[in-house]
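Asker: Provided herewith is a single structure, encoded as structure tokens, for subsequent inquiry.
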Amino acid sequence: MMKSLIFFCFVNVFLFQFVRSRPYHFETSVKKIIQECLDEVKMDRSIFNDVAVSNDAIIIPQDDIYKKFLVCSYKKQGFLSSDGKRMVYENLFEFLGYYYNKFLLRQLEVCKRIESDDPGELCFKNLECILKVLSGLKSLSTNMGENEIAR
């Protein structure tokens, strides 16, 4: 459950846990968002818990119910517009800036090119892109040291 919670925090913290600890209020609100979205989309918690993390590889469920869950959670976190048509990168980058050096986060600009008419697909493709970029930043940490990756 804890790995799934960390993963949910968007990418939200699975790749960042080595950088800095999360504030208590953030973790509390994330748990609330998880439960609200599980209830709203009627997704079984086992799907959420089945997100697999091993050797820096992340296996994300690609079914429609999980994409609906992403839409719900991204909207509640302010990462997706209320109409579901666009990602709100300003909010996303601000959030990620808490965990990563903002200069290095410029590499995420490539994810802004992602387009989709389907909100679930938009969220899913952005999640894949962000995870790919952030895993590259994580590998930089072994060469540069965590303090240079962190703020």
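Asker: Could you tell me which trypsin sites (Lys or Arg not before Pro) in the range 80-128 are loop residues by DSSP with no more than 16 other beta carbons within 10 angstrom of their beta carbon? Present the calculation step by step, with values, prior to reporting the outcome.
Answerer: Values: sites: K85, R86, K102, R106, K112, R113, K125; in loops: K85, R86, K102.
Passing sites in the range 80-128 are K85, R86, K102.
Asker: Right, something else. For every other residue with a beta carbon closer than 9 angstrom to the beta carbon of G84, add +1 if it is Lys or Arg and -1 if Asp or Glu, then tell me the sum.
Answerer: On the way: positive: K75, K85, R86; negative: D83, D118.
Neighbour charge sum, excluding G84 itself: +1.
Asker: Report the gain in length on full extension from K132 to S116: 0.36 nm times residue separation, minus Cα-Cα distance, nm rounded to one decimal. Could you put the intermediate results ahead of the total?
Answerer: Values: separation 16, 0.36 × 16 = 5.76 nm, distance 1.87 nm.
Taking 0.36 nm per residue and subtracting the Cα distance, the gain is 3.9 nm.
Asker: Within the range 61-137, which chymotrypsin sites (Phe, Trp or Tyr not before Pro) sit in a loop by DSSP and count at most 10 neighbouring Cβ atoms inside 10 Å? Present the calculation step by step, with values, prior to reporting the outcome.
Answerer: Numbers: sites: Y66, F69, Y74, F79, Y89, F93, F95, Y98, Y99, Y100, F103, F124; in loops: F79, Y98, Y99, Y100, F103.
For chymotrypsin sites (Phe, Trp or Tyr not before Pro) across the range 61-137 that sit outside H, G, I, E and B with at most 10 neighbouring Cβ atoms in 10 Å, the list reads F103.
Every number in this text was worked out from the coordinates using simple rules, so none of it is lab data. Values in this document were obtained by computation on a predicted structure and should not be read as measured data. Neighbour counts are summed over all protein chains in view; Cβ atoms, including those assigned to glycine, are modelled from backbone coordinates with ideal geometry.
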